[in-house]
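Enquirer: Please see the structure below; I have some questions.
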Amino acid sequence: MTKKQYENATGIFSTQLAIGSFIIGTILLIIQLLFPNGHLLFIGVLYVIIAILVNLLMLLQLLYLLLTQRNHQDYFTIKILILLANIPIAFVYLKIVLEKININ
């Protein structure tokens, strides 16, 4: 597999997925904080479930490539870490929303 091929295999998309998940989650958090009426809470929970499934599938694919493409392990390790960076962010966002709900 050439460098261009493995970058196109999942590397570029996995980074776009991680950034997209972060941006959508941040937008939902901001809207929830600005308009805490509870209607967006359901959409947020639904988004989190879908995001977990999609990101989990990408993680599995990256893990497979990490194990099979031994000459590009550093590249796929970095992509996995980028993808996993959304997990602590999601927990922080969840804590913010739950604290906001408890205050109101």
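Enquirer: Which helices, taking whole DSSP H runs in the chain, have alpha carbons extending 18 angstrom or more along the helix axis plus mean Kyte-Doolittle at least 0.0? Each step should come with its number before you reach the end.
Expert: Numbers: long enough: 12-34 (33 Å, 2.05); 39-68 (44 Å, 2.42); 86-103 (25 Å, 1.22).
TM-like helix candidates: 12-34, 39-68, 86-103.
Enquirer: Something else about it: Along the positive direction of the dipole of the chain (beta-carbon charges: Lys, Arg +1; Asp, Glu -1; about the Cα centre), which of THR68, ALA90, ALA51 reaches farthest?
Expert: THR68
Enquirer: In debye, nearest 20, what is the charge dipole magnitude of the chain about its Cα centre with +1 on Lys and Arg Cβ and -1 on Asp and Glu Cβ, if you could check? Walk me through the numbers on the way to the answer.
Expert: Values: 6 positive and 3 negative charges, 32 e Å.
For the chain, the charge dipole is close to 160 debye.
Enquirer: Would you kindly calculate the mean projected area, averaged across all directions, of the convex hull enclosing the Cα atoms of region 3-103, in square nanometres? Walk me through the numbers on the way to the answer.
Expert: Values: hull surface 25.4 nm².
Averaging across all directions leaves 6.3 nm² for the Cα convex hull.
Throughout, read-outs are computed from the coordinates displayed, never taken from laboratory work. What you see is a predicted model; the values in this text were computed from it and never measured. Here Cβ is always computed from backbone atoms with ideal geometry, including for glycine, and neighbour counts include all displayed protein chains.
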